[in-house]
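A.B. asks: The structure is given below, and queries will be raised subsequently.
Derivation of every value follows stated rules applied to the coordinates shown; laboratory data play no part. Just so you know, these numbers come straight off a predicted model, no measurement behind them. Cβ coordinates were reconstructed from backbone atoms using ideal geometry, including for glycine residues, and neighbour counts include every protein chain displayed.
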Amino acid sequence: MTQLVLSTVRQKAHWSDWLGRAFLVLVLLVLLAFLAAPLLAILVQALQDDQGRYAGLANFLAYARTPTLLASLWNSLWVSAVVTVIVIPMAFVFAYALVRACVPGAGVLRAVSLIPLLAPSLLSAISLIYWFGNQGVLKEFLTALGVSQIYGPVGVVIAQCFSVFPHAVMILVTALSLADARLYEAADALGTGALRKFFTITLPGAKYGLISAALVTFTLVITDFGIPKVIGGNFNMMATDVFKLVIGQQDFAKGAVVALLLLAPAVFSFGVDRYVSRRQTAMLTARAVPLVPKPALWRDRLLLAYCLLVSALMLAMLGMAVFASFASFWPYNLAPSLQHYRMGLVDGAVAEGFVNSLKMAAGTAVLGTVLVFVSAYLLEKTRGLDLLRGPVQMLAIVPMAVPGLVLGLGYIFFFNEPGNPLQGLYHTMTLLTLCTIVHFYTTGHLTAVTALKSLDADFEAVSASLKVPFYRTFWRVTVPICTPALIDIARYFFINAMTTISAVVFLYSPETKVASIAILNLDEAGDMGAAAAMAVLIAAISATATGLFALLGGWAGRKTQAWRRR
Amino acid sequence: MPAYLSLRNINKSFGSFQALKGVDLDVLSGELLCFLGPSGCGKTTLLRIIAGLEVQTQGRVEQAGRDISRLPPAERDYGIVFQSYALFPNLSVADNVGYGLVNRRLPKAQIDRRVEELLALVGLPGSAAKFPSQLSGGQQQRIALARALAMQPGLLLLDEPLSALDALERVRLRQEIRSLQKQLGVTTVMVTHDQEEALSVADRIVVMNHGVIEQVGSPTEIYREPASAFVADFVGKVNVLPGRIEGARLHVGQWSVGTGEVPSARDRNGAVKVYLRPEDIRARSGDVSRAALIQGHIEKIEFLGAFCHVHVQAPQLSSRPLVVYLSLNFLAEQGLSEGSDLPLSLMPERIKIF
């Protein structure tokens, strides 16, 4: 029985297999060059002195001896914690209303809650300034509350709450939709009260979603750059420090240290999130019966009132930016005019920025979707090159843990290094696009993997037995079935490329400046009206794009999903 | 008959777990062979190795005289049907069945003709334009079968093809598969964990357990002459009683018989396990002398339709009740019910000793 295995049988590869393997190698090279190498460059930078010699932990010690930087560290930590504590309960109740109650117009409420995703995070900061700034409409209200001015931690916290709210809601909606009706039926049969059901079934069931939402919120806040830049005033945070150290003072070593510190919470929450998501999937079996909420008059009314309040705040945030962008001369002449738009687009030359943004967004959406989907397909559905699969799989997940700011910094260190053959890419649109693809890679990858996993694992085996090469089945079967997921991925890439600031802020040149960065520059130049106008324009483009993607989805659905209708 | 497919010393390890241990097997040309065994016995792995979907750690696979051990699936010659049907949901029935034919660049009219022919063969003519989701499970599996046969493969592989179907459909389709297989004469390997399925359709059955072949034989051989305790236990129902062989006599409780009458008791001595099929325990006195009768007492009647599992206490044989199959008619004719006395007799030549 136990015999010496002299040699392991290896299967010959079919010629079509080589095609898949070549692409997999390409994906690995892309992820190594545009993700692993830049991250490594940060580490190297942090361990070097300004002469390029190994300096051990000297840079870290220097950082620890700089009181202003330590103050930023503390600021970042407590602001992120406060935002998390405020947002998570609010988002939980909102998500609960959407999926566990019978609130009328849940679809509209949900859409409204997602508004902040359409614009760069700094839109909410700009709006806040119009509401509560020195010339804000509700400045007195703020003073009455005992807050002397909106610039600083108060403004940062409020603006962050708005910008991260949709992220938390999306995670919690998913967590709360994964409910097994049978648990509630069993509880009802035992005569359990509503409150007890909530604390013994609902809350434990959403536990992992809550943890995950809290971690994501914390990480997003601590790594966000736009909001503290616009409304932080003299209140320094780590994200703004990185920018000042690297772009302002050219102190690359300290910048690298801060970047590594920013990476820490992200990596930590990433680790916890992976652990948690594994637990969550194990909890829900295929036999679970989906829960359909039953109407309850007072609960639904209260929740509706709450949702309307939150939605009103969301709309007020967007509405103020829209209003201010059309106001001729805030706050003295509020007559509508297009002057800020003209000023931004023509005088501020942001029109070019929009062209660049659209180019980058389109490039990211097309190239990113192809790269993400094909590599996910090859990982899930083909065989061979077993040694490469682990690394590719890991690299596909890593971007989730890398804040854009850190990634962008890594790109400076790596691609601006004299002697790097890829140095020619620096400042180009190609590099901006690739950086954005890598930055948002993981979400696309996970969407693709989920879609692919829902396909029968034996399609490829059947095709091979019928002598049909894998790429043909990929084209005739896999892609048509996964079209909705593909459109989702493309939309996600497009919207994020339109609104991202953090990674690309280090990489643009005057020729490749994108609109979101231009807003930052307008704000720095004190041109708030134009900044608001451009932010609104980005939101409008994102909203239009979302609409177009929805139309595309509908059209593709009719063409490719006919089989779903019986 | 010549071997169409032969497996030599097939080993398969997943890490430290050895899924297959030195399997040798010949599949004869034109036969329907069933791999039967509990889950985890390696039967599906073995099928997937034949298909090239798993690679054996060691061993040689030969099909029609050609060494295919290292060939990728696309270069082998077989059609395959999975438990999940694996029909392409976005393609019509015709496109599914003609999926491989299209790749051969045959003229469209010819493909259409062949598809219609195949659909007629599996009993679903006229369903070409439908999508798989518009068909029942059994119909979908027939389409999968038609697709597997479209390229006229030399070998048909069926991986638990009936497990996802309901009981009635399962019985109907297994007979259809059997008659189709006979009609086409295609060499077929079918994996199943359902012994009734294997017994009813197979020419030969390969009983597997823990990565080794326990027995290969015709359904009757497997049932009547199990080669091991495992096979006797796994295939069919069986009463297992403790016994002893001493001085050329087999003793079971207070009952005994000369080992000359029990073929499988030859060359055995000491404590043994005695295997008795329920139908080999007779409840009729008939030609047996009164002295050979064993006193029994009906403890429980498990009603299953035409036949009943009758649990009989026979202290002479064992302290635990024996299960005997009796027809409903017999029970009625004899006026038997729970609590009745029921004298039994054994058929020594059918007793198996392990």
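A.B. asks: Put +1 on the Cβ of every Lys and Arg and -1 on every Asp and Glu Cβ in region A:252-358; which of A:GLY348, A:SER337, A:ALA296 then has its Cα farthest towards the positive end of the dipole?
C.D. replies: A:ALA296
A.B. asks: So, one more: Sticking with the crude label model, points 7 Å out along Cα→Cβ, report the distance from A:LEU297 to B:SER179 in nm, one decimal please.
C.D. replies: Rounded to a tenth, the inter-label distance reads 6.5 nm.
A.B. asks: Based on the mean of other Cβ atoms within 10 Å per residue, sort peptides A:536-544, A:431-439 so the most packed one is first.
C.D. replies: Packing order, densest peptide first, comes out as A:431-439, A:536-544.
A.B. asks: Next question. First select every other residue whose beta carbon is under 14 angstrom from the beta carbon of B:SER39; then total the charges, Lys and Arg +1, Asp and Glu -1.
C.D. replies: With Lys, Arg at +1 and Asp, Glu at -1, the neighbours total -2.
A.B. asks: Enter the mean number of other protein chain beta carbons within 10 Å of the beta carbon of each residue in B:149-156, as an integer.
C.D. replies: Neighbouring Cβ atoms belonging to other protein chains average 1 per residue here.
A.B. asks: Next question. Residues with amide H under 5 Å of A:VAL9's amide H, sequence separation 5 or more or different chain, H placed in the peptide plane at 1.01 Å from N; which?
C.D. replies: Long-range HN contacts for A:VAL9: B:GLN58.
A.B. asks: Any chance you could check the Cα centroid distance between region B:122-173 and region A:87-166 for me, in angstrom?
C.D. replies: 57 Å
A.B. asks: Determine the alpha carbon to alpha carbon distance for each of A:LYS229/A:LYS359; A:LYS453/B:LYS130; A:LYS139/A:LYS244; A:LYS467/B:LYS237; A:LYS467/A:LYS559; A:LYS254/A:LYS359 and list only those over 32 Å.
C.D. replies: A:LYS467/B:LYS237; A:LYS254/A:LYS359
A.B. asks: Given only helices, namely DSSP H runs of n ≥ 4 each adding -39500 (n - 2.57), what is the per-residue ellipticity at 222 nm of chain B, to the nearest 500 deg cm²/dmol?
C.D. replies: Taken over chain B, the calculation gives -7000 deg cm²/dmol.
A.B. asks: Obtain the nm distance between the two label points defined at A:GLU511 and B:ARG172 by a simple spin-label model: each point lies 7 Å from its Cα along the Cα-to-C-beta direction.
C.D. replies: 7.2 nm
A.B. asks: Within a Cβ distance under 10 Å of A:CYS102, other residues only, what is the Lys/Arg minus Asp/Glu net charge?
C.D. replies: +2
A.B. asks: I've got another one for you. Run the dipole for region B:3-233 about the Cα centre, Lys and Arg Cβ at +1, Asp and Glu Cβ at -1, nothing else charged, and hand back the magnitude in debye, nearest 20.
C.D. replies: 700 debye
A.B. asks: Something else about it: Output the 0 to 90 degree angle, nearest 10, between the alpha-carbon long axis of helix B:137-149 and the longest principal axis computed from the alpha carbons of chain B.
C.D. replies: Tilt of helix B:137-149: around 60 degrees.
A.B. asks: Across peptide A:46-55, what mean number of C-beta atoms from other chains lies inside 10 Å of a residue's C-beta?
C.D. replies: Averaged over the peptide's residues, the number is 0.
A.B. asks: What residues qualify as long-range amide H neighbours of B:GLU299, i.e. H under 5 Å apart, gap of 5 or more or another chain, H built at 1.01 Å from N?
C.D. replies: So B:GLU299 has HN proximity to B:HIS311, B:VAL312, B:GLN313, B:GLY339.
A.B. asks: Under a no-solvent Debye model with one identical scatterer per Cα of region B:237-353, what's log10 I(q)/I(0) at q = 0.09, 0.13, 0.21 Å⁻¹?
C.D. replies: Here the Debye-derived log intensity ratios amount to -0.24, -0.49, -1.16.
A.B. asks: Can I ask one more? Can you give the mean number of other chain Cβ atoms that lie within 10 Å of the Cβ atoms in peptide A:453-462?
C.D. replies: 6
A.B. asks: Calculate for chain A the 222 nm mean residue ellipticity that helices alone would give, adding -39,500 (n - 2.57) per DSSP H run of length 4 or more and normalising by residue count, nearest 500 deg cm²/dmol.
C.D. replies: -22000 deg cm²/dmol
A.B. asks: I've got another one for you. Please state, rounded to one decimal and in Å, the Kirkwood hydrodynamic radius that chain A gives when every pair of distinct Cα atoms enters the mean of 1/r.
C.D. replies: 25.6 Å
A.B. asks: Aspartates and glutamates near A:LYS381 by alpha-carbon distance under 14 Å, same-chain residues fewer than 8 away left out - which ones?
C.D. replies: Hits, sequence-local ones excluded: A:ASP17, A:ASP456, A:ASP458, A:GLU460, B:GLU54.
A.B. asks: For A:GLY233, list long-range residues whose amide hydrogen, built 1.01 Å from N in the peptide plane, is under 5 Å from its own amide hydrogen.
C.D. replies: Correct list: A:GLY152.
A.B. asks: If you don't mind, there's one more thing I want to ask. Compare the Cα positions of B:ALA202, B:ALA109, B:GLN140 along the charge dipole of region B:3-233 (+1 at Cβ of Lys, Arg; -1 at Cβ of Asp, Glu; about the Cα centre) and return the one farthest towards the positive end.
C.D. replies: Checked the options; the winner is B:ALA109.
A.B. asks: Now, a different point. Using 7 Å Cα-to-Cβ label points, what is the A:GLU140/A:LYS453 separation (nm, one decimal)?
C.D. replies: My value for the distance between the label points is 5.7 nm.
A.B. asks: Quick one: dipole size for region B:237-353, taken about the Cα centre, charges +1 on Lys/Arg Cβ and -1 on Asp/Glu Cβ, in debye to the nearest 20.
C.D. replies: Roughly 400 debye for region B:237-353.
A.B. asks: Can you give me the Cα centroid spacing of region A:360-395 and region A:202-241 in angstrom?
C.D. replies: Their Cα centres are 29 Å away from one another.
A.B. asks: By how many nm would the segment from A:LEU552 to A:LEU57 grow when fully extended, if each residue of separation counts as 0.36 nm and the alpha-carbon distance is taken off?
C.D. replies: Length difference between fully extended and current span is 172.9 nm.
A.B. asks: Excluding A:LYS254 itself, what net charge comes from residues whose Cβ is under 15 Å from its Cβ, given Lys and Arg +1 and Asp and Glu -1?
C.D. replies: Within the 15 Å Cβ shell, the charges total -2.
A.B. asks: Taking the mean number of other Cβ atoms within 10 Å as a proxy for protection, how do you rank A:55-65, A:81-91, A:113-123 from highest to lowest?
C.D. replies: Going from most to least packed, we get A:113-123, A:81-91, A:55-65.
A.B. asks: I would also like to ask the following. Rounded to the nearest 0.05, what FRET efficiency is calculated for B:HIS251 and B:ARG104 with R0 set to 56 Å and r the Cβ-Cβ distance?
C.D. replies: According to the calculation, E is roughly 0.25.
A.B. asks: Then there's this: Of the candidates B:SER136, B:SER16, B:SER218, which one comes out as most mobile in a Gaussian network treatment of chain B with C-alpha springs shorter than 10 Å?
C.D. replies: Per the Cα network of chain B with a 10 Å cutoff, B:SER16 tops the list.
A.B. asks: Note the full-extension length gain between A:TYR426 and A:ASP347 as 0.36 nm times their separation in residues minus their Cα-Cα distance, in nm to one decimal.
C.D. replies: 25.8 nm
A.B. asks: Scan chain A and note any complete DSSP helix (H) whose C-alpha atoms cover at least 20 Å along its axis and whose Kyte-Doolittle average is 0.0 or more.
C.D. replies: Those that pass (Cα extent of 20 Å or more, hydropathy at least 0.0) are A:15-31, A:67-100, A:153-177, A:207-223, A:252-283, A:297-326, A:350-381, A:479-499, A:528-560.
A.B. asks: What does the charge dipole of region A:54-330 about its Cα centre add up to, to the nearest 20 debye, if the Cβ of each Lys and Arg holds +1 and the Cβ of each Asp and Glu holds -1?
C.D. replies: In debye, rounded to 20, region A:54-330 gives about 560.
A.B. asks: Of A:MET317, A:ALA206, A:VAL366, which is farthest towards the positive pole of chain A's charge dipole, taken about the Cα centre with +1 and -1 on the beta-carbons of Lys, Arg and Asp, Glu respectively?
C.D. replies: A:ALA206
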